[in-house]
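Please read the structure below before turning to the comments.
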Amino acid sequence: MNPGEITVEFAPELRVFVGQRDGAHIRIDGTSTLGHVVESLGVPLTEVGGLSVNGEAVAAGHIPAGGEQVAVAAVTRPQPSAEPLRFLLDIHLGTLARRMRLLGIDAAYENPDIGDAALAARSAAESRVLLSRDRGLLRRREIYSGAYVYSHHPAEQLDDILSRFAPRLDPWTRCTSCNGVLRAAEREAVRAHLPGNTGRSYDSFAQCVDCGQTYWKGAHHARLDAIVADALAKFA
């Protein structure tokens, strides 16, 4: 090994980011931090649970020296988090946002896209965990906290987030359209918002305190109830 190289080994969960570079000899410049080296290899620091050099734990600010053997661990699950948990999802995760809201999780979502800088700023201002599949976005230093969403499939995405953060589940309490809080509503109070014969066919309603969206157990309720039941069985 050359004096200006280190060996970096990644936890199995992180190899999706690095491919053949796992266990490779990496040239160092003597000034870049270990955190920078790890990110340059493709792993967002949001996904790193710990760093060790020659078996000793170090911080991301450690300046590596030639010959060191670095191990990069994945985050633990569930990941310790401040309460209450609040999330912010990027433009590509709309279905995940709606499913999280269905479970009563505070999940903000921007549509249309407001851009990476504005998303990072909102994450910081509102202490929200930023969820994204964009590694560049997760590397922004100003975000409050972040997490990479590993799957393209909404059901797998939801399981990923629930297993990682273990948020408190309170189904049917948030508006899936705007993330507002739902409250029970009388039929007469929401009749003007109901299509056709809905007012005569159903007797249980809820309404969003923010956007006024009205909810009842209609044709899609069985599909939504299955999502809720699956989440509760796995993570409640």
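The values are calculated or read from the model by the stated rules, or taken from the named source; none is laboratory data. Everything quoted here is computed from the prediction, not taken from an experiment. No Cβ is skipped: glycine too gets one built from the backbone with ideal geometry, and neighbour counts run over all protein chains shown. Ligands, DNA and RNA are excluded from the accessible area calculation, which covers all protein heavy atoms including side chains. Shrake-Rupley method; radii C 1.70, N 1.55, O 1.52, S 1.80 Å.
Here T46 passes the criteria (1) among the β-branched types (V, I, T); (2) touching a residue at least 60 places away in the same chain (Cβ under 8 Å); (3) in contact with a Pro (Cβ under 8 Å, 6 or more places away or on another chain); (4) part of a helix (DSSP H, G or I) except the one numbered (3).
Looking only at residues of region 186-208 that are at negative phi, in a loop (DSSP other than H, G, I, E, B) and not charged (D, E, K, R), we find that the one that is modelled with the lowest pLDDT is N197. Out of the residues in region 52-92 that are under 29 Å from the mean Cα position of the chain (by Cα) and more than 27 Å from F165 (Cα to Cα), which is surrounded by the most Cβ atoms within 10 Å (Cβ to Cβ)? The residue in question is H62. Every condition in (1) touching a Cys at 6+ places or on another chain (Cβ under 8 Å); (2) at pLDDT 95 or above holds for C211 except the one numbered (2). The set of residues in region 107-140 being in contact (Cβ under 8 Å) with a residue 60 or more places away in the chain and open to solvent by less than 40 Å² (accessible area, probe 1.4 Å) consists of A107, A108, L138.
Scanning region 152-174 for residues that are assigned to a loop (DSSP other than H, G, I, E, B), open to solvent by 20 Å² or more (accessible area, probe 1.4 Å) and either under 20 Å from F235 (Cα atoms) or of a type in the set (A, V, I, L, M) (or both) returns H153, A166, R168, L169, D170, P171, W172, T173. If you filter region 15-35 down to residues that are in contact (Cβ under 8 Å) with a residue 12 or more places away in the chain and of a type in the set (S, T, N, Q), you find that the one that is farthest from V75 (Cα to Cα) is T31.
Only one of the numbered conditions (1) open to solvent by 50 Å² or more (accessible area, probe 1.4 Å); (2) over 25 Å from E39 (Cβ atoms); (3) in contact with an Asp or Glu (Cβ under 7 Å, 6 or more places away or on another chain) is violated by G104, and that is (1). Inspection of region 28-38 identifies no residue that is within 21 Å of S132 (Cβ to Cβ), in a loop (DSSP other than H, G, I, E, B) and at pLDDT 95 or above.
Which members of region 21-51 meet the condition of being open to solvent by 50 Å² or more (accessible area, probe 1.4 Å) and charged (D, E, K, R)? Once the filter is applied, which keeps residues that are open to solvent by 50 Å² or more (accessible area, probe 1.4 Å) and charged (D, E, K, R), region 21-51 yields R21, R27, D29.
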